[in-house]
């Protein structure tokens, strides 16, 4: 037997009888190889990795079973091992190509940086100056996808990232996607800690199920950009209603703040503290009577930046004295922040204002807030007492539970009667900001537990 005949016998099965027509065997072998090649080129790349693996395993078993059946029942040996080898190596190549695509997608795209001389200098903002609410923009977003979500447009941009309107293709649902550029704020061990805290806090906030707390659907990271996908809310935040002439009627303010207090009471019962309650983190839609507290856990996610920047977290004007001092906080800190928000929604100004961070911190820690009736004489005394108790410096004297605060606000709301139809503001004009120092303080005795100044 010549060398070419021996090789031909090996390729066709070795011990197959020479009486079998070799042309039929070669034809069947080539047909199986061509079929596998077409499958790897046309069908397998369109399938998900798990689906492709399952289908390929079924094809391999089918080839082996077909070859065995032909040999047993038709005395025809068809070598299927070339097709099986092609299937195996084709899958390895497909997997390597997909890994390369994922690595390329994760590589951050560096945008051209403007020089320091051409970059516009930020305008300094005084500590007592209210920042305008973020405007919805239709400018094209930085990307077209984020994780599995399609990005439709950018809704706004904050200090650490942007908020996008997205679409979940799996269930056809609109979502709001809040992003945080952790890699730009942290590095090394701080970045790893921030990532761990991000997913831990997102998971904790995702367990909150309350009608007045925004629902979180998903959290992930794509191209070094952490994101949280949550329900898309219509309406606007309360920031626009913190100044004249946009102040809301008093009964409406009391109803909104009572619902926020109840939502906080639920979150606190689940062991979750918000840490950044402020008008910008409360969404409302008066037409549908919707109130939603947003951004649970966001302040704590970035808590490790305190040692690096030397700044405390949260919005300073709304922070409780214990939070400003860097002490451990609980739900009573949120209720203090809610008291500041109530004060601002009623009067159009903050209880403590200063032209520097040092002065503001001193006032929050030491000076009592003014009586709201010195700014709005039309407000009832009972409401002034509620605000005073909310702004108590000492946590042990402050409201201990949001349900207590909500009950007091609803009682006052009932005594105020319904808001006049078509009323857009609270009636009396807000007093102008006071100069440094407070001319009026709460008229309580120091022995009264409601007194909001230190002993």
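Read-outs throughout are calculated quantities, based only on the coordinates presented, and are distinct from any laboratory measurement. Every value quoted in this text rests on a predicted model; they were computed, and no experiment measured them. FYI the Cβ positions are ideal-geometry reconstructions off the backbone, even for glycines, and counts take in every protein chain you see.
Structure above, values below:
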quantity	calculated
Sorted peptide list for 354-361, 246-253, criterion being average Cβ within 10 angstrom, highest first	246-253, 354-361
Region 211-259: proportion of alpha-carbon pairs further apart than 12 angstrom, %	75
Residue-span extension gain [residue 362 to residue 47] - 0.36 nm each, minus C-alpha spacing	107.2 nm
Sorted by Cβ neighbour density within 10 Å, fewest at the top, the residues 288, 294	288, 294
Against the rule of thumb 2.2 N^0.38 Å, how large the Cα Rg of region 181-234 comes out	1.26
Percentage, to the nearest whole number, of Cα pairs in region 21-95 over 21 Å apart	28
Ordering of 381-389, 344-352 by burial proxy (mean other Cβ atoms within 10 Å per residue, highest first)	344-352, 381-389
Mean Cβ neighbour count within 10 Å, used as a protection proxy, ranking 274-285, 60-71 highest first	274-285, 60-71
Residue order, fewest to most beta carbons within 10 Å, for 196, 392, 413	196, 413, 392
Neighbour-count ranking [beta-carbon atoms within 10 angstrom, fewest first] of 207, 200, 376	207, 200, 376
Overall dimensions of region 133-232 as given by Cα atoms, namely Rg and Dmax in Å	13.6, 39
Net lengthening on full extension, residue 97/residue 315 (0.36 nm per residue, minus Cα-Cα)	73.8 nm
